[in-house]
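Comments concern the structure below.
The values are calculated or read from the model by the stated rules, or taken from the named source; none is laboratory data. Being a predicted model, the structure only gives us computed values, none of them experimental. Side chains are part of the model used for accessible areas, which takes the heavy atoms of the whole protein and leaves out ligands, DNA and RNA. Shrake-Rupley method; radii C 1.70, N 1.55, O 1.52, S 1.80 Å.
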Amino acid sequence: MRRLPSQHFAKLKGKRSHQYSMRLNDQWRLILEFKGKSPNKTVVVMGIEDYH
């Protein structure tokens with residue numbers, strides 16, 4: 001996912017530093033968390049949030 005620059009995949013900061021964000025469109029962001037260790041790492045969708 002890190003190789004998708006057009007989706008603006010980024011690590012969040014502060015209290016949400018364990019989460020990542022990916023742009024769905026100009027308004028909405030997909031919030032993700034990674035659980036476990038490689039090679040059994042799982043991506044968990046935490047929500048879809050309004051960016052504004």
Surface share of carbon and sulfur [accessible, 1.4 angstrom probe, percent] for the chain: 53 percent
Answer label, with P(r) over Cα pairs in 10 Å bins from 0, in percent calculated from the coordinates and candidates (1) 27, 50, 21, 2; (2) 18, 26, 40, 15, 0; (3) 25, 55, 18, 2: (3)
Probe 1.4 Å, accessible area per residue of the chain, Å²: 83 Å²
